[in-house]
Protein chains: 2
Amino acid sequence: MITITAFRWVPPAVQGLVRDLRVRWALEEAGLPYQARLIGPDVQASANYRERQPFGQVPTFEEDGLVLFESGAILLHIGARSDALLPIDAAGKARAITWLFAALNTIEVVTEQLAGLDLFFADQDWAKLRRPGVEDAVRRRLGELAAWLRDRDYLEGRFTVGDLTMTTVLRALRHTDLLDAEPALTAYRERCESRPAFRKALADHLAPFEGQAA
Amino acid sequence: MITITAFRWVPPAVQGLVRDLRVRWALEEAGLPYQARLIGPDVQASANYRERQPFGQVPTFEEDGLVLFESGAILLHIGARSDALLPIDAAGKARAITWLFAALNTIEVVTEQLAGLDLFFADQDWAKLRRPGVEDAVRRRLGELAAWLRDRDYLEGRFTVGDLTMTTVLRALRHTDLLDAEPALTAYRERCESRPAFRKALADHLAPFEGQAA
């Protein structure tokens, strides 16, 4: 049985954004059953967890003694087991993997900075001074992504783990209206989020938080 | 023949840091011949290049009609062709890939913020206010990485594409003394950089810049 780790609780501002969501989504797309081990700061800091995740983050992935971490690595590992996520042909597979990295290392590196400023540092002077520059960087990347997507339903010819990753990255802008400026991106996000596997994964990600005080 | 793109010129502060370096290094480790197409801002902005790299970045990788971008994706593509970079066994391969993502998405996300502040925004008020927080975040991640490496020569039992990627990420701290605080990391970086493939790749990366005015 596959076991992943996820947080027992996170503040409402980041519920629906933590990186176990993308791993749950991939497992649902691949039809692989799994269980989630919910953890908190005590476990994150423990020597035992650090042996499996040297940086104390979630999610981890564990199966038959193999322990993986980093959501990107876990997504590729799951993807290799299902053509629902990665095309079988070598070129299609390499292109899908290219988009997974673009989501994480070209788009998320700027969207995370903006989300970090807005959700955790909004009252700090440096954040107020810095925000316009970061917003410009986000707008630029979104414009480039929208230009690519203009006549496409998915980043390549069909839904892949690249689209899955990109969708979870775009979600981190939900507290802004930046996506509204690019109708191609809004439609793309809705197209990907309408998949039953996403809706199941999101419900399972959110379930532990319900009924807990903010 | 494999063709990659790289910059015709970059300022001295980032010479030896641009991401074509990691791709050149991987190609040398794998023993794959390649040619570099050197480009500038004109090509980066062109519609033709944007069809191949929607964000205008380097490097791209091209072979037999297949076009890839994102250094992480290119490294995995090259890695799959040589056990010098990725172990053959599935578990060893998945662990190496985990470390490639850790380098990019846990370490580089903070080291790049610090390098960005210091190299491009050092004179701005917000950068002066923000820097201590970013430096703390870098120190914390370096400490966690050093704890993992304490009794290890490499991130896993042998050199992999994970070590290659991590080394290029740590290089971006060369303008600071942060690595000196963690002798395990200094030794690790030197161990990886002493490889002949790295030295060849670095020389080829730097060669076009020589003799050009700063």
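The values are calculated or read from the model by the stated rules, or taken from the named source; none is laboratory data. The structure displayed is predicted, hence computed values, not measured ones. Here the Cβ positions follow ideal geometry from the backbone for every residue, glycine too, while neighbour counts run over all protein chains shown. Ligands, DNA and RNA are excluded from the accessible area calculation, which covers all protein heavy atoms including side chains. Shrake-Rupley method; radii C 1.70, N 1.55, O 1.52, S 1.80 Å.
Observations on the model:
- Residue check, B:GLY56 within 18 Å of the chain's Cα centre (by Cα) and open to solvent by less than 40 Å² (accessible area, probe 1.4 Å): yes
- Taking the stretch B:20-47 as the range and being more than 18 Å from the chain's Cα centre (by Cα) and within 14 Å of another protein chain (Cβ to nearest Cβ) as the test, the residues that pass are B:GLN44, B:ALA45, B:SER46, B:ALA47.
- Number of positions in the stretch B:204-214 that are of a type in the set (Gly, Ala, Ser) and open to solvent by less than 80 Å² (accessible area, probe 1.4 Å): 1
- Contact map, the stretch B:34-47: residues that are over 16 Å from B:ASP64 (Cα atoms) paired with residues that are in a helix (DSSP H, G or I) and at pLDDT 95 or above, Cβ distance under 6 Å, separation 6+ or inter-chain. Pairs shown: B:LEU38/B:PRO208; B:VAL43/B:TYR49.
- Failed criterion for A:PHE121 (all others in (1) more than 12 Å from chain B (Cβ to nearest Cβ); (2) closer than 18 Å to A:VAL14 by Cβ; (3) touching a Gly at 6+ places or on another chain (Cβ under 9 Å) hold): (1)
- Checked against (1) at pLDDT below 95; (2) within 8 Å of chain A (Cβ to nearest Cβ), B:ASP151 passes all but condition (2).
- Flag if A:ILE74 is open to solvent by less than 40 Å² (accessible area, probe 1.4 Å) and closer than 18 Å to A:HIS205 by Cβ: yes
- Tabulated pairs, the stretch A:145-160, first open to solvent by 10 Å² or more (accessible area, probe 1.4 Å), second among the aromatic types (Phe, Trp, Tyr), C-beta under 8 angstrom, 6+ apart or interchain: A:ASP153/A:TYR188; A:TYR154/A:TYR188; A:GLU156/A:TRP99
- Taken as a whole, the stretch A:80-93 holds no residue that is farther than 26 Å from B:PHE61 by Cβ, crowded, with 21+ Cβ neighbours inside 10 Å and not aromatic (Phe, Trp, Tyr).
- Residue satisfying condition, being within 11 Å of chain B (Cβ to nearest Cβ) and either of a type in the set (A, V, I, L, M) or exposed (fewer than 15 other Cβ atoms within 10 Å of the Cβ) (or both), within set A:LEU129, A:LEU164, A:LEU114: A:LEU129
- Considering only residues in the stretch B:28-42 that are assigned to a strand (DSSP E or B) and over 12 Å from B:HIS205 (Cα atoms), the one that is least open to solvent (accessible area, probe 1.4 Å) turns out to be B:ILE39.
- Those residues of the stretch B:48-64 which are at the interface with another protein chain (Cβ under 8 Å from one of its Cβ atoms) and out of contact with any Asp or Glu (no Cβ under 7 Å at 6 or more places or on another chain), in sequence order: B:ARG50, B:GLY56, B:GLN57
- Test for B:GLU135: is it open to solvent by less than 50 Å² (accessible area, probe 1.4 Å) and either within 9 Å of chain A (Cβ to nearest Cβ) or of a type in the set (D, E, K, R) (or both): yes
- Some residue of the stretch B:182-203 being at pLDDT 95 or above, closer than 24 Å to B:LEU76 by Cα, out of contact with any helix residue (DSSP H, G or I) (no Cβ under 6 Å at 6 or more places or on another chain) and open to solvent by less than 10 Å² (accessible area, probe 1.4 Å): no
- Qualifying residue in the stretch A:97-107 (condition: more than 7 Å from every other protein chain (Cβ to nearest Cβ) and either surrounded by fewer than 20 Cβ atoms within 10 Å (Cβ to Cβ) or of a type in the set (Asp, Glu) (or both)): no
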